[in-house]
Amino acid sequence: MNDTQTTTRISSRIASTPPSATLAVSSRAAELRQEGVDVVDFGAGQPDFDTPVLIKDRAIEALQGGFTKYTPTGGMVPLKKAITARASEVQSFDLNPQQVVVANGAKHALFNALYCLCDPGDEVICISPYWTSYPEQIQLVGATPVILQTDAHRDYAVDPAALAEAITDRTRVLILNSPNNPTGRVYDQAELEAIAEVLRKAPQVSVLSDEIYDRLVYAPSEHIGFLRAAPDLADRVVIIGSVSKSFAMTGWRIGWSIAPLEISKAIETFQSHATSCANSFAQKGALAALLADSSINDAMVTQFDKRRLYMFSRLSSMQGIDLSEPQGAFYAFADIRSYLGKKRGETKLQDSIDFCKSCLDETGVSIVPGAAFGMNDHIRFSYATSSDEIEKGLDRFEEFIETLR
């Protein structure tokens, strides 16, 4: 027997990277369900609706027809054309299919773009609250996340002066996310124009505009594509899109980037070595989704809107809970600072993680701690669950906060 001890070393890049906080919450909720606990899950970042039949039929036809081989690395041409047709309308800017790289979901598209735009030591500005994977992806590509804090009492609006101050010679990317996860905030035209004005004075900074919730916006709000607000910055804007949220296709793993041609070619080169093309028959389903008329997801959006209004009304009426009305996506982001430091029994709730853990263990209500989004005195609710579950979960939540002393 060989007595030599072998030690496997995990790279420092991943050893220091925590798992996704939102997925961790879902995993804990699933464990409790297996134990027989009636869990109300407000953590889900995906629609509870099924993928529309039309989309599934096109993918099934593709499978049965033998469309199971590699496509071009950047995606099949008809899908890229459909993506640019829709994006050109949203952005009020003519885009070319050659600018599109179809990826294995929007998360993959974001990582591709960051990898191709950043060198080790570069800085990327994240606006807090941010989607949980932004800082981790930035660090995985060797760059440094710079967190630009916003204020709940200002409705999480970006302060242009603070943005200008955060930009340095090492800043290479600003990440924007509208409609926003976790707040449901939708930037208006004036806000985007103010951000663009700052960026005009920093020509080294590219913009990653994460617009995956663009179809999930509720009247009177309107989604404004970043290029619509700042067409003169088109040579340094990368738009991230997806069919995951708008068409209840999260498991299909189809997202994309739309970038200036030089950046798009770099992304395609990187993807050719990292993953190659996205799933072929899922691309057929995505094509069907984008070519369908708006009625394909109207019913889902209508239901989300009803749930949004109910959840906002209930939460805003609760003692000590403060939140802004969400305008898009399917999240509500609530300020719980008045409850931090209080106790549930003998357990003192120091932060959002303690709060959410206690709420889940004591009441079976699963909520995501705001620490995952850069605000440890907030919590995120998802209304991507049925109205009955929302009502039951909020009843339990209200009872929970009433027991805190």
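The values are calculated or read from the model by the stated rules, or taken from the named source; none is laboratory data. Here the structure is a predicted model, which means the values were calculated and not measured. Note: ideal-geometry Cβ built from the backbone for every residue, glycine included; neighbour counts use all protein chains shown.
At-a-glance table
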| item | result |
| --- | --- |
| Meets criteria (surrounded by 16 or more Cβ atoms within 10 Å (Cβ to Cβ), within 23 Å of Lys69 (Cβ to Cβ), touching a Gly at 6+ places or on another chain (Cβ under 8 Å) and among the aliphatic types (A, V, I, L, M)) for Val217 | no |
| Region 297-314: number of residues that are over 18 Å from Ala87 (Cα atoms), surrounded by 15 or more Cβ atoms within 10 Å (Cβ to Cβ) and not acidic (Asp, Glu) | 10 |
| Number of the exception - Lys245 against (1) basic (Lys, Arg); (2) in a loop (DSSP other than H, G, I, E, B); (3) touching a helix residue (DSSP H, G or I) at 6+ places or on another chain (Cβ under 8 Å) | (3) |
| Residues located in region 86-107, provided they are over 23 Å from the mean Cα position of the chain (by Cα) and under 22 Å from Phe247 (Cα atoms) | Pro97 |
| Glu346 vs. criteria over 26 Å from Leu95 (Cα atoms) and at pLDDT below 95 | yes |
| Qualifying residue in region 266-281 (condition: out of contact with any Pro (no Cβ under 9 Å at 6 or more places or on another chain), in a loop (DSSP other than H, G, I, E, B), among the polar types (S, T, N, Q) and under 21 Å from Gln91 (Cβ atoms)) | no |
| Enumeration of residues in region 261-302 that are polar (S, T, N, Q), free of Cβ contacts under 8 Å to residues at least 60 places away in the same chain and within 21 Å of Ser386 (Cβ to Cβ) | Thr302 |
| Region 191-234 - residue that is in a strand (DSSP E or B) and in contact (Cβ under 8 Å) with a residue 40 or more places away in the chain and, of those, farthest from Ala87 (Cα to Cα) | Ser206 |
| Residue, surrounded by the most Cβ atoms within 10 Å (Cβ to Cβ), within region 89-123, restricted to residues that are out of contact with any helix residue (DSSP H, G or I) (no Cβ under 9 Å at 6 or more places or on another chain) and part of a helix (DSSP H, G or I) | Ala106 |
| Criterion: outside the structural domain of Ser386 (by TED's automatic domain parsing), free of Cβ contacts under 8 Å to residues at least 40 places away in the same chain and of a type outside the set (S, T, N, Q) - qualifying residue of Gly36, Gly75, Gly66 | Gly66 |
| Index of the failed condition, Phe312 passing every other in (1) touching a residue at least 24 places away in the same chain (Cβ under 8 Å); (2) hydrophobic (A, V, I, L, M, F, W, C); (3) over 29 Å from Val173 (Cβ atoms); (4) not in a loop (DSSP other than H, G, I, E, B) | (1) |
| Sole exception among (1) farther than 22 Å from Lys245 by Cβ; (2) assigned to a helix (DSSP H, G or I); (3) over 26 Å from the mean Cα position of the chain (by Cα) for Leu32, by number | (3) |
| Any chance Arg337 is in the same structural domain as Ser20 (by TED's automatic domain parsing), touching a residue at least 40 places away in the same chain (Cβ under 8 Å) and either over 26 Å from Leu216 (Cα atoms) or in contact with a Gly (Cβ under 6 Å, 6 or more places away or on another chain) (or both) | yes |
